[in-house]
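A short write-up of the structure that comes next.
The values are calculated or read from the model by the stated rules, or taken from the named source; none is laboratory data. Predicted model only: the values in this text are computed from it and were never measured. Neighbour counts run over all protein chains shown; Cβ positions are idealised from the backbone, glycine included. Quick note on the areas: whole protein, heavy atoms, side chains included, nothing else; ligands and nucleic acids left out. Shrake-Rupley method; radii C 1.70, N 1.55, O 1.52, S 1.80 Å.
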Amino acid sequence: MSNRKFAALDGGRGLAAFLVVLFHADDIMGRQLVPGGYLAVDFFFLLSGFVLAFAYDGKIHSIGLGRFAVIRFARLYPLYALGLAFGVLRNLAALTLEMGHPLAIGDLGVATLLNLFLLPAPIDPDGNLFPLNVPAWSLFFELIANIAFAGLLLSKVSWLSKWVVAGAGAVTAILIIMKGHSGAGAHISDLADGFFRAVFCYGFGQIIFRARHRLTSMSLPVPLLAAGLFAPMIIPVPNNYRAYADLVFVFIWFPALVVLAANAELKRSASAALWLGLVSYAVYIVHYPLLGFVEGATKVLGVSGLLTAPLFAFLLLPACWAIDRYFDIPMRDRLLGALDRR
């Protein structure tokens, strides 16, 4: 999203990715500082629906579904493959050093093959969809939602497609409410939950984009927008009320935050926000396997995880900028060119 008008949304995506890193670093730190960090995935799905509507609403008919699918695959796959490679190396290191609970060699081969084709691997003892890089589960649903909603937008009766988007969002919202939001989606048994979350949030993001001119033009200062994003993820909600709080955050809080951030016009902080958005995907998709190496080093060296985990999170940002510039951009251009030729 190159339009500086939505720089605040880019910054929000970067901050959310940073919070996910801290959420997954709880084993290293010995405590959970971001108990609601899993909610970042719902925020990502919401932003994805908004951003894809912004980028393709007026172009999807000229592009076509096949070309759109190729573009989205080329955009997501190189960094996904890099994260998978890091996950394989992490698992091999854990096997060699006999640390943690790595997959056995046979299971590692099966998981690698399935995950290589963006397919869940139902062999993990912990039930993770993508055991070599757990956060990749959301990309599985991201691509499904992308292609499904693009197909709806390409339907001959355009007004019907918009009602279908709204209807799909309403149905999945009801299903989420009936079951209660539990942050599920990362495990084999949670396939339905992950699908409900993706369809609802992605569809809601599209609706927000199309209705943005009818919504409030009110905005908030950048510090308040950041605080609004941090609050749902760092507030320690009692377990008995967690599902209810999550429903409020996903159905009301995050959509309102997206509307307010979309109206925000950043000046001095625009460049920083756009930079955070630039590195956000790399941060999200490579941090988990790299955290495994940090956890091992922390134990071997006997240093405090309260120091190494935040340090890792901050060093990850410039590292992911380099990954984006020198790996992701050239690789996705090559992949897109190769797919186009085929």
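Against the conditions (1) over 30 Å from GLY87 (Cβ atoms); (2) open to solvent by 60 Å² or more (accessible area, probe 1.4 Å); (3) of a type outside the set (Gly, Ala, Ser), LEU307 satisfies every one except (1). Of all residue pairs spaced 6 or more apart or on separate chains, those with beta-carbon atoms under 7 Å, a first member in region 288-311 that is part of a helix (DSSP H, G or I) and a second member that is surrounded by fewer than 12 Cβ atoms within 10 Å (Cβ to Cβ) are GLY305/GLY30. For region 271-304, the set of residues classified as in contact with a Phe, Trp or Tyr (Cβ under 9 Å, 6 or more places away or on another chain) and open to solvent by 60 Å² or more (accessible area, probe 1.4 Å) consists of TRP275, LEU278, PHE293, listed by residue number. Against the conditions (1) farther than 28 Å from PHE314 by Cα; (2) of a type in the set (A, V, I, L, M); (3) in contact with a Pro (Cβ under 6 Å, 6 or more places away or on another chain), ALA53 satisfies every one except (3).
Here region 136-195 is the region considered, the condition is being among the charged types (D, E, K, R) and at pLDDT below 80, and the residue that is farthest from the chain's Cα centre (by Cα) is LYS156. For region 222-270, the set of residues classified as in a loop (DSSP other than H, G, I, E, B) and either open to solvent by less than 50 Å² (accessible area, probe 1.4 Å) or in contact (Cβ under 8 Å) with a residue 12 or more places away in the chain (or both) consists of ILE235, PRO236, VAL237, ALA264, GLU265, LEU266, SER269, listed by residue number.
Would you tally the residues in region 64-96 being under 17 Å from ARG341 (Cα atoms), open to solvent by 40 Å² or more (accessible area, probe 1.4 Å) and of a type in the set (Lys, Arg)?
Within region 64-96, residues that are under 17 Å from ARG341 (Cα atoms), open to solvent by 40 Å² or more (accessible area, probe 1.4 Å) and of a type in the set (Lys, Arg) number 2.
Being farther than 24 Å from GLY337 by Cα, of a type in the set (Gly, Ala, Ser) and modelled with pLDDT under 90: is that true of GLY58 here?
In short, no.
Evaluate region 94-104: report whether one residue or more is assigned to a helix (DSSP H, G or I), at pLDDT 95 or above and β-branched (Val, Ile, Thr). Among the residues of region 94-104, not one is assigned to a helix (DSSP H, G or I), at pLDDT 95 or above and β-branched (Val, Ile, Thr), which makes the answer no. Pairs are defined by a Cβ separation below 7 Å, a sequence spacing of at least 6 or placement on different chains, a first member in region 129-149 that is within 18 Å of LEU82 (Cα to Cα) and of a type in the set (Val, Ile, Thr), and a second member that is at pLDDT 95 or above and open to solvent by 10 Å² or more (accessible area, probe 1.4 Å); the pairs so defined are VAL134/TYR288. If you go through region 36-63 and keep only what is of a type in the set (Gly, Ala, Ser), open to solvent by 20 Å² or more (accessible area, probe 1.4 Å) and either free of Cβ contacts under 8 Å to residues at least 40 places away in the same chain or not in a helix (DSSP H, G or I) (or both), you end up with GLY58, SER62. When residues in region 310-342 are screened for being open to solvent by 40 Å² or more (accessible area, probe 1.4 Å) and small (Gly, Ala, Ser), 1 of them pass. Scanning region 103-115 for residues that are open to solvent by 20 Å² or more (accessible area, probe 1.4 Å) and either under 26 Å from LEU46 (Cα atoms) or of a type in the set (Val, Ile, Thr) (or both) yields a total of 3.
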